[in-house]
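Comments concern the structure below.
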Amino acid sequence: MARSSHFGTGDHAGHIAVAGTAPAYRRPFRRPLAAAAVATLALGTLGACGGGGGDDKPKVAENKISAGEVPDYYPADYSDLIAAAKKEGGKLTVYSNLGDENMAPIVRDFKKKYDFIKTVSVNELDSDELFQKTLSENAAGSSPADVLISSAATAWADFSARKDTVLTYKSPELEELGESAELLPSVYSMSQDPMTIAYNTSLLETPPTTLTDFAKIVTSDEDKFKNKVTVRDPEGSFGFTVTRALTEGNPESWNDLKKILPLTRPETSSGTQLEKIVSGEYTAGFLISASPAYPVVEDSAGLVKIVFPKDGTVVLPRGLGIAAEAPHPATSKLFLDFALSDEGQRAVAEGGLASYREGVKGEGLHTYQEVVDAVGEENIIHVKYEQVTKDDAAAWLERFDGMRK
């Protein structure tokens, strides 16, 4: 399902037309070590009276943009790329699985960086849908898509394996971020987003510290927790990717899933899961993306909290690439480089995503280092951007589904 947002001139996000609903570290998986301490994020100032006013939210320092200037490590002919972008009319179309609140700071600061950019149209699509839409549009003639942003790792791998789908481009930011920032050829990590256990504090008094701990809590009273735990539907690319990464990175998690899954109900989006945790329809959920969870925690006055499980926190890179047939290729390259730059990564973090660029920090900004500090690098499971054969996927799903019954 799609939603289109047009960020025109000015500081506001622009007009939204609703057409429906809607990471430089990549290391081999390790079996995480168990730990006793809890890594819980209770964001914002939680007053005793339960007030959740805007004044309690973390203040984000202004992102100071050097307009029209680029870092000294950029190639000498980068000015030619800027000149080419100026000739493209100041327009850019982004197909993304991010919400407006995530994209708005990035678009705002990109336009500050290059004042000739007048309109950035962001089409909010499901993680898999944006690739299907691009392919079908190109098959029919041409697609307006310039930049593609999605956290669907396997879908990205399948898409980029096709001929003439991703524009070949080496960003000058790659040397600053490290080679592992390139997830696939010319596909870069825009953020490194952690998966969490989210829970309603009025319904779950003792916070879990690990997935094993969570399994013990919910199986201690199965009648109480039956259908009160939510899991991401593994039939979708996102659910399949993060859950499979968990079991690949920590094979012992299958033992926990065997206990938890019979009590769960699947959902197709983190947003829906969080809404139902807030309402009390669900007591808790696991493998819920932190990016939509952060604002929910901030606004909930302590009702909802999230935990980075210390026996394995899955971190999912959000892929960023340029469509091979992008109508505005030079502008697309400027956008990609900006999103990876220090200025761009601050905007990424302001939008609720986890920046992984060293040096990005500050009140109200979420970072990969925040997750490392909470659980330890050895307890992070990095999702790989790679294709999965149909047989392997089917075998994994059969095992997973067998535990839900």
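The values are calculated or read from the model by the stated rules, or taken from the named source; none is laboratory data. Please read all numbers here as calculations on a predicted model, not as lab measurements. Because the Cβ atoms are built from the backbone with ideal geometry, glycine has one as well, and the counts that use them run over all protein chains shown. Keep in mind that these areas ignore ligands, DNA and RNA; they rest on the heavy atoms of the full protein, side chains included. Shrake-Rupley method; radii C 1.70, N 1.55, O 1.52, S 1.80 Å.
In order along segment 145-153, the phi-based Karplus estimate (6.51 cos²θ - 1.76 cosθ + 1.60, θ = phi - 60°) of 3J(HN,Hα) comes to 5, 9, 10, 10, 10, 7, 9, 7, 4 Hz; Gly and Pro are listed as x.
Considering only VAL122, VAL297, ALA349, the residue lying farthest towards the positive end of the dipole of the chain is VAL297, judged by Cα position with unit charges set on Cβ. Near ALA323, the amide H atoms lying under 5 Å from its own belong to VAL147, LEU148, LEU167; only residues 5 or more places off or on other chains count, and H is placed 1.01 Å from N. Normalised per residue, the accessible area of segment 70-180 is 43 Å², obtained with a 1.4 Å probe and no contribution from ligands, DNA or RNA. Using every pair of separate Cα atoms, the Kirkwood estimate puts the hydrodynamic radius of segment 198-355 at 17.1 angstrom. Label-to-label distance for GLU62 and ASP392 is 5.0 nm, based on points extended 7 Å past Cα in the beta-carbon direction. If a/c stays under 1.5 just call it rounded; otherwise compare a/b with b/c (prolate if a/b is bigger, oblate if not). Do that for segment 293-405, with a ≥ b ≥ c from the square roots of the Cα gyration tensor eigenvalues. The shape class here is oblate.
If you model segment 254-336 as an ellipsoid using its alpha carbon gyration tensor, with each semi-axis the square root of five times an eigenvalue, the axes come out at 33, 18, 13 Å, biggest first. Between amide H atoms placed 1.01 Å from N, distances below 5 Å from THR209 occur with PHE214, all of them 5 or more places distant or on a separate chain. Put simply, the Cα atoms of segment 165-274 extend 55, 28, 26 Å along their principal axes, the longest span coming first.
With a Förster radius of 51 Å applied to the beta-carbon distance between LYS170 and THR206, the computed FRET efficiency rounds to 0.55. The GluC sites (Glu not before Pro) of segment 142-228 that meet both conditions, a loop assignment by DSSP and at most 12 other Cβ atoms within 10 Å of the site Cβ, are GLU205. Accessible surface for segment 261-405, divided over its residues, is 33 Å² per residue with a 1.4 Å probe.
Phi angles of segment 333-347 translate, via the Karplus equation with coefficients 6.51, -1.76, 1.60 and θ = phi - 60°, into HN-Hα couplings of 5, 4, 5, 4, 4, 5, 4, 8, 6, 4, 4, x, 5, 5, 5 Hz per residue; Gly and Pro are given as x. With all protein chains in place and a 1.4 Å probe, the accessible surface of segment 109-265 carries 44 percent carbon and sulfur.
Modelled this way, with points 7 Å down the Cα-to-C-beta line, the labels at ASN138 and ASP77 are 2.5 nm from one another.
Considering all different alpha carbon pairs of the chain, the Kirkwood hydrodynamic radius works out to 21.6 Å. Ordered from largest to smallest accessible area (heavy atoms of protein chains, 1.4 Å probe), the residues MET403, MET195 come out as MET403, MET195.
Rounded to the nearest whole Hz, the Karplus-based 3J(HN,Hα) values (6.51 cos²θ - 1.76 cosθ + 1.60, θ = phi - 60°) of segment 71-85 follow the sequence x, 6, 8, 6, x, 4, 8, 4, 4, 5, 5, 5, 5, 5, 5, with x at glycine and proline. Amide H contacts under 5 Å for THR196: LEU287, ILE288, SER289, ALA290, restricted to partners 5 or more places along the chain or on a different chain, H placed in the peptide plane at 1.01 Å from N.
D by Stokes-Einstein for segment 85-199, Kirkwood Rh over Cα pairs, 10 °C, 1.306 mPa s: 101 µm²/s.
Could you give the distance between the Cα centres of segment 303-358 and segment 160-236, to the whole Å? Using only Cα atoms, the two centres lie 14 Å from each other.
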